[in-house]
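K.L.:
Let me give you the structure first, and then I'll get to my questions.
The values are calculated or read from the model by the stated rules, or taken from the named source; none is laboratory data. As the structure is a computational prediction, the values presented were derived from the model and not from experiment. Please note: Cβ atoms are built from the backbone with ideal geometry, for glycine as well, and neighbour counts cover all protein chains shown. Quick note on the areas: whole protein, heavy atoms, side chains included, nothing else; ligands and nucleic acids left out. Shrake-Rupley method; radii C 1.70, N 1.55, O 1.52, S 1.80 Å.
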Amino acid sequence: MLTVENTLKWLELFDAKIQAEKDYLSELDTPIGDGDHGNNMSRGLLAVHDALTKQQPTDVQGILKTTAMMLISKVGGASGPLYGTAFLEMAKLSSTTLEVGPLLAAGLEGIQKRGHAQVGEKTLIDVWAPVVKAVEDGTLDVAAIEAAVESTKDMQATKGRASYVGERSIGHVDPGAASSGYLFTTMLMAGVLS
Amino acid sequence: MLTVENTLKWLELFDAKIQAEKDYLSELDTPIGDGDHGNNMSRGLLAVHDALTKQQPTDVQGILKTTAMMLISKVGGASGPLYGTAFLEMAKLSSTTLEVGPLLAAGLEGIQKRGHAQVGEKTLIDVWAPVVKAVEDGTLDVAAIEAAVESTKDMQATKGRASYVGERSIGHVDPGAASSGYLFTTMLMAGVLS
Amino acid sequence: MKKIMNDPSQIVTEMVQGLVRSYPDQLKQIPGTEAVMKIADLKHRPQVGIVSGGGSGHEPTHAGFVGDGMLTAAVCGQVFTSPTPDQIYEAIKAADAGRGVFLVIKNYSGDVMNFEMAKDMAAMDDIDVRSIVVDDDIAVENSTYTQGRRGVAGTIFVHKILGAYARQGAGIEAIEELAHQITPNIKTIGVALSGATVPEVGKPGFELAPDEIEYGVGIHGEPGYRREKLQDSKHLATELVGKLKEAHHMTAGEHFAVMVNGLGATPLMEQYVFMNDVLDLLAAENVEVDFTKVGNYMTSLDMAGVSLTIMKLIEPGWVAKLDEPVTTIGW
Amino acid sequence: MKKIMNDPSQIVTEMVQGLVRSYPDQLKQIPGTEAVMKIADLKHRPQVGIVSGGGSGHEPTHAGFVGDGMLTAAVCGQVFTSPTPDQIYEAIKAADAGRGVFLVIKNYSGDVMNFEMAKDMAAMDDIDVRSIVVDDDIAVENSTYTQGRRGVAGTIFVHKILGAYARQGAGIEAIEELAHQITPNIKTIGVALSGATVPEVGKPGFELAPDEIEYGVGIHGEPGYRREKLQDSKHLATELVGKLKEAHHMTAGEHFAVMVNGLGATPLMEQYVFMNDVLDLLAAENVEVDFTKVGNYMTSLDMAGVSLTIMKLIEPGWVAKLDEPVTTIGW
Ligand SMILES: Nc1ncnc2c1ncn2[C@@H]1O[C@H](COP(=O)(O)OP(=O)(O)O)[C@@H](O)[C@H]1O
Ligand SMILES: Nc1ncnc2c1ncn2[C@@H]1O[C@H](COP(=O)(O)OP(=O)(O)O)[C@@H](O)[C@H]1O
Ligand SMILES: [Mg+2]
Ligand SMILES: [Mg+2]
Ligand SMILES: [Mg+2]
Ligand SMILES: [Mg+2]
């Protein structure tokens, strides 16, 4: 269940992790993309941090919406609208429920509507989909998240920039999957599920 | 005294010498110019050779005029109009006299009118001027020509492209001086003065 | 990396400032954005707004095509990164003169998603926003295997023709229909002689040996379909024309528009030599070339190389639209 | 050297062919030459012909400025080599509509001599030929020590203003007087980030270290006045604006036209950033900038770098002439 405290904590931890892994994420994006995923996410989470500090939203919906708006307006590229849409859909649903399972499911649905990708196309969906399932089943842990991230390694990309390298995309972890992995490990750390 | 035979012989030898020294002339033009003097002269003398072969002029004036026209229309750059004008002035005067002294003097005057350069400015004039003098004095020999060419080495260029390198032009033989040196050594070889 | 710049993270901001300050009678910056629009009284002669944009680094695309008879506004993203929806949304609002706004989007996942989000935002304002996704780069296999073909230099033909019709007063439905007619007839393929260096990255996206070229490279340095030793212009033209001929199912008597586009660091001299070879090959096919254009239009920073765009002119009216004068910096 | 070309010795011929075949409604080749002239019925609206030219490798200069309102004809020499008098002579004859022909010559010994010879030839045909020698490059010391200042990018302002007056019907005397008024007010200086490679030579005319630049390099790679480590755009702008300010004895309230010219391989993005810095510096001087232009106009093959041209607008009418639309490829 999301609360103002654990949601803020989650985003703070996620920001810190993204800033720490910025170069690694861009490196992942180099062989199969354009090498900017770390920069993109870093720019976005910095903006989220600043906006939350300034606006001090007092409810979960406000936090999620501010996060969505900052990601949408500061990231650009492919990951901006995807992460942004996910948070926007979660924000919308948060007036009805604060349960993590349905919220993440709404986020995933938003990502899929926005990007038209399916499971198995080597995108962040390959982390989001198993995570949503595991939350519903009550089985989510760090190992499950890491396995999902790793699973993208053997896939061939057919969406996004990585699709242009064709078979050469096999053997590399998808950068968006990796950043989504951080999103969910920090969610666990923030105690959102407990 | 110029005759059809020795003039043709002269131009033939000059052509051969230019083709043989093409790369050397361009090399001379590299530190203090734009590295094309050999190419320019080579293109011009090839055209002279072809035109003389085709047109078979039967008098000295015709030979000199054809040579002038080919140099003017095929060389371009600075050396084309200079050599071209020299031969054109010689052609003009050749209806009055076939004496080498006055002809070369007319050529030199043409060069000076065209390029507005003086003796000592590190150009082909620094070979033409002493040669014209030596012909008049009856003292022209290969050593005199070579000395004139060498003399440009210590000069600083104030005309032509070489002027842009300023003091750094000192220490290099002027490419136009070198090609003029060949013009006069081949003139001697063709027996024009004997 | 040698670039004339200050802080690389500010390069797009400074570029847009330099641009609008250089052409104050033609362009203005939409406040609070890195979008550029034309100076014109939109209310006075209302027309459908044509808006495009994308990552920066392709100059003069897109801002250089803003002006009378082409784009109404252009949105400049970060280098090689799609602009964000809020900026696109501002451009849509600024370009709307009450007759709707048409978006020309290059087919990259980021661009498509950001423009779609902006479209959603504008729909809430009751602006009639429609769009086309341009995917002219035939180097890429079709969308079963990839995100689909990329949008490259051929996009400029879309800007030009739609802009001409919009100026003439065509409605948004007509523009939309036309866009869907034009786009499948535009095909492009490129060859790179060197990679491009993104300012914030500082080293080329890929490296080629001193005697090597790569066919089919994308305008962000996406890998192409073959590397080989550099050969002469005729050889390159034969390869690229061959691919385009096949893609167009070219037959004698058909009419085409042809654009040779420099990728950034290739001199015009080489581009003209290349066009000369292209026109020889097309003459040998007995097709009619009704429009030709050579220059740096859709660049990839400092990449060396060219792309070749061939558009089949299935409607006789299109060439007049390509020929119409415009007041832009880049066309 | 990686260049898109065939036989390097034929590159100018093929370039000119590619050019006129690409723009058949605007340009034609003067038979038997590598000179290009505009397609127009000269007899119909006779005006003073404006003819320019020089070595190739500076595209779009000069042929790209042939068209209504600018040049009547342009003569393309071999790469970095003045064209020959016979070709210039043909261009003069073709450009003459009975009102005389005005030659715009860049100050290089080769150009000056070849154009003068062509002038002599035309004089025998009773064509009233006059000329100006443009020497805007302030990197070079004056003519006591050198051939004199070189003619570089500022020449394009001369083409533009004279072309506008010629179109308007000005006579040859007026054009000549104007040319002598304009030219001393145009000053240019450049900075190179890399050397240019002449196709027939195959290696760069000079080399700079990966972090080195050179101020004052000429458009054929003539050596400049100082090498230093690459610094940011503001620093480069400060150096070049400083030199030009001094040369112009710039004082507050004066009016200027400013052109940032890319030397060939430098992306427009960097040129706009640079212009942004230049305009800041000029604003600080409290001078008025009435005209601005950014792009690749007088290139040096594949050289990276920019030149900055500042023209003092001592006559209020000049800016209107710079602003007038023309139908050329390059302006
Ligand atoms: N259509 C899509 N659906 C879902 N995820 C996508 C899609 N396209 C790209 N992605 C994700 O976006 C990531 C790349 O993001 P980023 O590098 O920031 O953007 P860009 O590709 O525009 O440079 C990929 O690793 C992938 O996970
Ligand atoms: N004004 C001048 N008067 C006399 N000779 C000159 C002048 N300018 C240049 N030269 C000669 O021309 C030579 C260079 O010729 P070339 O390299 O063929 O032409 P360019 O300098 O146009 O490349 C110089 O070495 C010099 O001897
Ligand atoms: Mg990326
Ligand atoms: Mg030379
Ligand atoms: Mg990107
Ligand atoms: Mg030369």
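K.L.:
Where residues in the stretch B:29-39 are over 16 Å from B:Tyr83 (Cβ atoms) and open to solvent by less than 60 Å² (accessible area, probe 1.4 Å), which of them is farthest from ligand 5 (Cβ to nearest atom)?
P.N.:
B:Ile32
K.L.:
Mind checking which residues of the stretch B:145-173 are open to solvent by 70 Å² or more (accessible area, probe 1.4 Å) and more than 30 Å from D:Glu141 (Cβ to Cβ)?
P.N.:
Of everything in the stretch B:145-173, just one residue is open to solvent by 70 Å² or more (accessible area, probe 1.4 Å) and more than 30 Å from D:Glu141 (Cβ to Cβ), namely B:Glu146.
K.L.:
Within the stretch B:64-100, restricting attention to residues that are of a type in the set (Ser, Thr, Tyr) and either within 12 Å of chain D (Cβ to nearest Cβ) or surrounded by fewer than 22 Cβ atoms within 10 Å (Cβ to Cβ) (or both), which residue is nearest to ligand 5 (Cβ to nearest atom)?
P.N.:
Per the stated criteria, the residue is B:Ser79.
K.L.:
Take the stretch D:78-105 and flag every residue that is at pLDDT 95 or above, of a type outside the set (S, T, N, Q) and within 16 Å of ligand 4 (Cβ to nearest atom).
P.N.:
Residue satisfying the conditions is D:Pro83 alone.
K.L.:
Residue by residue through the stretch D:130-173, note down the ones that are in contact with a helix residue (DSSP H, G or I) (Cβ under 7 Å, 6 or more places away or on another chain) and without any contact (Cβ under 8 Å) to a residue 12 or more places away in the chain.
P.N.:
D:Tyr145, D:Thr146 - these are the residues of the stretch D:130-173 that are in contact with a helix residue (DSSP H, G or I) (Cβ under 7 Å, 6 or more places away or on another chain) and without any contact (Cβ under 8 Å) to a residue 12 or more places away in the chain.
K.L.:
A further question on this structure: Quick one: is C:Glu285 under 23 Å from C:Ala139 (Cα atoms), touching a Lys or Arg at 6+ places or on another chain (Cβ under 8 Å) and buried (at least 24 other Cβ atoms within 10 Å of the Cβ)?
P.N.:
It is false that C:Glu285 is under 23 Å from C:Ala139 (Cα atoms), touching a Lys or Arg at 6+ places or on another chain (Cβ under 8 Å) and buried (at least 24 other Cβ atoms within 10 Å of the Cβ).
K.L.:
Another question, then. On the basis of being hydrophobic (A, V, I, L, M, F, W, C), at pLDDT 95 or above and surrounded by fewer than 24 Cβ atoms within 10 Å (Cβ to Cβ), does D:Ala257 make the cut?
P.N.:
No.
K.L.:
Now a separate question. Whether any residue in the stretch C:88-100 is out of contact with any helix residue (DSSP H, G or I) (no Cβ under 7 Å at 6 or more places or on another chain), open to solvent by less than 10 Å² (accessible area, probe 1.4 Å) and farther than 23 Å from C:Val158 by Cβ is what I want to check.
P.N.:
For the stretch C:88-100, residues out of contact with any helix residue (DSSP H, G or I) (no Cβ under 7 Å at 6 or more places or on another chain), open to solvent by less than 10 Å² (accessible area, probe 1.4 Å) and farther than 23 Å from C:Val158 by Cβ: absent.
K.L.:
While we're on this one: Quick check on B:Val142: is it within 16 Å of the chain's Cα centre (by Cα), open to solvent by 10 Å² or more (accessible area, probe 1.4 Å), more than 16 Å from ligand 1 (Cβ to nearest atom) and not aromatic (Phe, Trp, Tyr)?
P.N.:
yes
K.L.:
Hey, another quick one. In the stretch D:283-331, what count of residues is obtained for those that are acidic (Asp, Glu), closer than 25 Å to D:Ala73 by Cα and without any contact (Cβ under 8 Å) to a residue 40 or more places away in the chain?
P.N.:
1
K.L.:
Which members of the stretch D:184-201 meet the condition of being buried (at least 24 other Cβ atoms within 10 Å of the Cβ) and β-branched (Val, Ile, Thr)?
P.N.:
D:Ile186, D:Thr188, D:Ile189, D:Val191, D:Val198
K.L.:
Checking B:Met90 against (1) in contact with a Gly (Cβ under 6 Å, 6 or more places away or on another chain); (2) over 18 Å from B:Asn6 (Cβ atoms); (3) more than 16 Å from ligand 4 (Cβ to nearest atom), which single condition isn't satisfied?
P.N.:
Looking at each condition in turn, B:Met90 falls short on (2).
K.L.:
Still on this structure: Before we move on, is D:Trp318 open to solvent by less than 20 Å² (accessible area, probe 1.4 Å), modelled with pLDDT of 95 or more and more than 26 Å from D:Pro204 (Cα to Cα)?
P.N.:
Answer is yes for this residue.
K.L.:
Within the set of pairs 6 or more residues apart or between chains, which connect a residue that is under 15 Å from D:Gln87 (Cβ atoms) and at the interface with chain C (Cβ under 7 Å from one of its Cβ atoms) inside the stretch D:10-21 to a residue that is buried (at least 23 other Cβ atoms within 10 Å of the Cβ) and among the β-branched types (Val, Ile, Thr) with Cβ atoms less than 8 Å apart?
P.N.:
D:Met15/C:Val273
K.L.:
Also: Going by the structure shown, is B:Thr7 of a type in the set (Ser, Thr, Tyr) and open to solvent by less than 10 Å² (accessible area, probe 1.4 Å)?
P.N.:
Yes.
K.L.:
Right, something else. State which residue pairs qualify: first residue within 9 Å of ligand 2 (Cβ to nearest atom) and inside the stretch B:118-137, second residue among the acidic types (Asp, Glu) in any location, beta carbons under 8 Å apart, and separation of 6 or more residues or different chains.
P.N.:
What qualifies is B:Lys122/B:Asp174; B:Thr123/B:Asp174; B:Leu124/B:Asp174; B:Asp126/B:Asp174.
K.L.:
Does at least one position in the stretch D:24-44 carry a residue that is in contact (Cβ under 8 Å) with a residue 12 or more places away in the chain, surrounded by fewer than 23 Cβ atoms within 10 Å (Cβ to Cβ) and small (Gly, Ala, Ser)?
P.N.:
Yes: the stretch D:24-44 contains one or more residues that are in contact (Cβ under 8 Å) with a residue 12 or more places away in the chain, surrounded by fewer than 23 Cβ atoms within 10 Å (Cβ to Cβ) and small (Gly, Ala, Ser).
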